1. Near the amide H of E104, under 5 Å away, which other amide H atoms are found, from residues 5 or more places off or on another chain, if H is placed in the peptide plane?
2. Using +1 at the C-beta of Lys and Arg and -1 at the C-beta of Asp and Glu, which of Y60, L24, I110 has the Cα lying farthest in the positive direction of the dipole of the chain?
3. What is the distance in Å between the Cα centroid of region 103-142 and that of region 1-49?
4. Can you say what percent of the DSSP beta bridges in the chain, counting only those with both residues inside, are antiparallel? Round to 5.
5. Please report, as a whole percent, how much of the solvent-accessible surface of region 19-143 comes from carbon and sulfur atoms (probe radius 1.4 Å).
6. Helix 131-142 versus the longest principal axis of the chain: what angle, 0 to 90°, nearest 10, using Cα atoms?
7. For A138 paired with L74, estimate the spin-label separation in nm (one decimal), with each label point 7 Å from Cα along the Cα-to-Cβ line.
8. Rounded, prolate or oblate: which fits region 1-45 when a ≥ b ≥ c are the square roots of the eigenvalues of the alpha-carbon gyration tensor, with rounded for a/c under 1.5 and prolate only if a/b beats b/c?
Amino acid sequence: MRRIINRVRRSVRQVVGPGSNSQLAQFIDRHAANRVLEAMIAKTNDVETVRWLGRPIWQYPLDAWLVQEMIAQLQPDLIVETGTCLGGSAFFFGSVCDLLGRGEVISIDIAARGTMPHPRVTYIAGSSTDPAIVQHVADRIEK
């Protein structure tokens, strides 16, 4: 009986296992991916519960993952964030820059509710469309 069960398992893996290109495997993979995404969203409830190093960042985990991949690939010297809120995302960006050993962050908000100090992050209070702030950012880019 055990041999029969093992033979059936091997046959099923060939049809729907990892790397299989059958329509059934593609269907299962598509629905499994959707289920994982739904579970992650349910687990994090909303952006208010997501943390980076114990601090709230108001980012969905998959978004944060993709952002860090972009930062790692592009290796920017400067990241400009508009909308500080509590400063968690700026702190996250600064931490990623730390890991890469390069980059700075400017976070701009008219009325930030808070900030999270980080040596690579500069917070600016004001409108991101204010000509003086735009000039300040332009000057930082030119450095």
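The values are calculated or read from the model by the stated rules, or taken from the named source; none is laboratory data. Please read all numbers here as calculations on a predicted model, not as lab measurements. Cβ placement follows ideal geometry from the backbone for every residue including glycine, while neighbour counts extend to all protein chains displayed. In case anyone asks, the SASA skips ligands and DNA or RNA and just uses the protein heavy atoms, side chains included. Shrake-Rupley method; radii C 1.70, N 1.55, O 1.52, S 1.80 Å.
1. L78, I79
2. L24
3. 45 Å
4. The antiparallel fraction comes to roughly 15 percent.
5. Details: 4600 of 7990 Å².
Result for region 19-143: 58 percent of the exposed heavy-atom area is carbon or sulfur.
6. 70 degrees
7. Label at A138, label at L74, 2.0 nm between them.
8. Because a/c hits 1.5 or more and a/b fails to exceed b/c, region 1-45 counts as oblate.
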